[in-house]
Amino acid sequence: MFKTVRNSLLVLLAAMPLLAVAAPSAHEVVQQTTDTLLADLKANKEQYRNNPNAFYDSLNEILGPVVDVEGIARGVMTVRYSRQASPEQMSRFEENFKRSLMQFYGNALLEYNNQDIRVLPASGRDEGERTSVGMEIRDGKGVVYPLSYTMVSMDGGWKLRNVVINGINVGKLFRDQFAQSMQNNRNDLDKVIDTWADTVARARQARGES
C-alpha cells in the first residue's frame with residue numbers, strides 16, 4: 001500500500017511542472033497567430049498572389065484553431081434565423097462562412113506591403129471569460145488604423161469571436177448582410193447559405209474593399 005502511495009506521489013510530482021505551465025493568454029494567442037501568419041505570408045506571398053486558394057487554405061490552417069467559427073456563424077445568422085435552421089443547414093453555413101471569412105481576410109492581407117502591424121501591450125487586467133486585444137496597422141503614409149479582437153475563453157484556450165476594424169464592427173456587418181440577403185431571397189434559407197460567399201464578395205466590392 002505504502003509503495004503504491006509513494007509511486008503515486010512520484011507521478012504527481014513529476015507532472016507538476018507540466019501542470020504549472022499556464023495556457024497562453026488571449027494577448028499571447030493573438031501575438032503568436034499574427035507572427036505565424038505574417039511569416040507565412042512573407043515566405044509565400046508571390047505564390048499566394050498567383051494561387052489565392054492556396055492562401056485561403058493556409059489561413060484556415062493558421063486561423064482555424066483560434067477562431068470560434070460556430071459562435072460567429074450563429075451570431076451572424078442570429079436567433080431569429082438559426083432557430084429555423086436544421087443541423088445540416090447550420091453545418092453548411094458554418095463551412096461556407098468560414099471559407100468566406102478566409103477570403104475576406106485573405107484578400108486584405110494580399111495587399112499587405114510591409115506595413116507596420118503591431119499588437120498592443122496587454123492591459124494586465126483579469127481577462128475573465130471575454131476580453132479584447134488591440135492592434136494597430138500603420139500604412140505607408142503613416143496613417144494608423146486601429147483594430148480590436150474580441151476573444152472568448154473556451155475549450156481551455158482563447159478564440160476569436162469578433163473583429164472591429166477602424167470602427168467597423170465586422171460581426172454586425174455580416175449580420176446586416178445576412179438579414180438583407182434573407183429579405184432579398186424571400187427568406188429562402190438554403191439559397192442564402194449557398195450564395196453567402198457571393199453576398200460577402202458583393203459587399204466588399206461595394207465598399208471598395210476598404
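The values are calculated or read from the model by the stated rules, or taken from the named source; none is laboratory data. From a predicted model like this one, the values you see are computed outputs, not experimental measurements. In this analysis, Cβ positions are derived from the backbone assuming ideal geometry, glycine residues included, and neighbour counts consider all displayed protein chains. Heads up: the accessible areas ignore ligands, DNA and RNA and are worked out on the full protein's heavy atoms, side chains in. Shrake-Rupley method; radii C 1.70, N 1.55, O 1.52, S 1.80 Å.
Of all accessible surface on region 75-210 at a 1.4 Å probe, what whole percent is carbon and sulfur?
Working: 3640 of 8020 Å².
Result for region 75-210: 45 percent of the exposed heavy-atom area is carbon or sulfur.
Site pair Ala203 and Val143 shows an inter-label distance of 2.2 nm when each label is modelled 7 Å from Cα along Cα→Cβ. Mean sequence separation of contacting Cα pairs (under 8 Å, at least six apart), scaled by the length of region 26-207, corresponds to a relative contact order of 23 percent. Net charge dipole, region 109-210: roughly 240 debye, given to the nearest 20, about the Cα centre with Cβ charges of +1 for Lys and Arg and -1 for Asp and Glu. About its Cα centre, the dipole of region 26-207 is roughly 660 debye, where the only charges are +1 on Lys and Arg Cβ and -1 on Asp and Glu Cβ. P(r) tail for region 26-207: Cα pairs beyond 30 Å make up 20% of the total. In summary, the lysines within cross-link reach of Lys159, defined as a Cα separation below 28 angstrom excluding same-chain residues under 8 places away, comprise Lys42, Lys45, Lys98, Lys172.
Once the 1.4 Å probe is applied to the protein heavy atoms, region 26-207 comes out at 56 Å² accessible per residue. Sorting the segments 136-146, 96-106, 62-72 by their residues' average number of neighbouring beta-carbon atoms within 10 angstrom, most packed first, yields 96-106, 62-72, 136-146.
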